[in-house]
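Let me begin by presenting the structure, written as structure tokens, before commenting on it.
The values are calculated or read from the model by the stated rules, or taken from the named source; none is laboratory data. Note that the structure is a prediction, hence the values are computed from the model and not measured. Neighbour counts are summed over all protein chains in view; Cβ atoms, including those assigned to glycine, are modelled from backbone coordinates with ideal geometry. For accessibility, only protein heavy atoms count, side chains too; no ligands or nucleic acids. Shrake-Rupley method; radii C 1.70, N 1.55, O 1.52, S 1.80 Å.
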Amino acid sequence: STILDQLTPKQYTFNKQIHPNLNLPSGQHYGFISQEVETFLPGIVKDFKNPAIYDSLGVETHPSFSIKGLNYIEIIPILV
């Protein structure tokens, strides 16, 4: 099958309560699940580590976590 056959668009809403410090946009969005795309286009998916956030006393208020980012620009040539 072709790469286009493997792309499965999703509709989603960011859960802003999980990571309030990310300033995620509201409303409905469309895109792909990075973990799904990574299985057949691993070069356009990158792992990013979001650092922990500390208050003025040095107490961790939000732990660090890892996320996968998808380079949507790289998908355009495949769609064309």
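Only one residue in SER26, SER1 is modelled with pLDDT of 90 or more, over 14 Å from ASN71 (Cα atoms) and part of a loop (DSSP other than H, G, I, E, B). Which one? Talk me through it step by step, then tell me what you get.
Numbers: SER1 fails: modelled with pLDDT of 90 or more.
Of SER26, SER1, the one residue that is modelled with pLDDT of 90 or more, over 14 Å from ASN71 (Cα atoms) and part of a loop (DSSP other than H, G, I, E, B) is SER26.
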Checklist entry - From the set of residues in the range 66-80 that are in contact with a strand residue (DSSP E or B) (Cβ under 7 Å, 6 or more places away or on another chain) and either loosely packed, with under 11 Cβ neighbours inside 10 Å or among the small types (Gly, Ala, Ser) (or both), which is farthest from ILE3 (Cα to Cα)? => result SER66
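What are the residues in the range 54-67 that are aliphatic (A, V, I, L, M) and either closer than 24 Å to THR13 by Cα or touching a Phe, Trp or Tyr at 6+ places or on another chain (Cβ under 9 Å) (or both), if any?
Going through the range 54-67, the residues aliphatic (A, V, I, L, M) turn out to be 57, 59, 67.
Hit for the range 54-67 is ILE67, nothing else.
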Item to check | Residues located in the range 14-32, provided they are touching a helix residue (DSSP H, G or I) at 6+ places or on another chain (Cβ under 9 Å) and under 24 Å from ILE44 (Cα atoms) | outcome: PHE14, GLY31, PHE32
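Would you check if LYS16 is surrounded by 10 or more Cβ atoms within 10 Å (Cβ to Cβ), outside any strand (DSSP E or B) and of a type in the set (D, E, K, R)? Let's see the steps before the verdict.
Working: surrounded by 10 or more Cβ atoms within 10 Å (Cβ to Cβ): yes; outside any strand (DSSP E or B): yes; of a type in the set (D, E, K, R): yes.
Answer is yes for this residue.
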Checklist entry - For the range 31-65, how many residues are open to solvent by less than 90 Å² (accessible area, probe 1.4 Å) and either part of a strand (DSSP E or B) or touching a residue at least 24 places away in the same chain (Cβ under 8 Å) (or both)? => result 17
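Given the condition at positive phi, in contact (Cβ under 8 Å) with a residue 12 or more places away in the chain and not basic (Lys, Arg), answer yes or no: does some residue in the range 16-29 qualify?
Our first condition is that a residue be at positive phi; within the range 16-29, this holds for 23, 27.
With the extra rule that they be in contact (Cβ under 8 Å) with a residue 12 or more places away in the chain, the set shrinks to 27.
Still in the list and also not basic (Lys, Arg): 27.
Looking for residues that are at positive phi, in contact (Cβ under 8 Å) with a residue 12 or more places away in the chain and not basic (Lys, Arg), one finds at least one in the range 16-29, hence yes.
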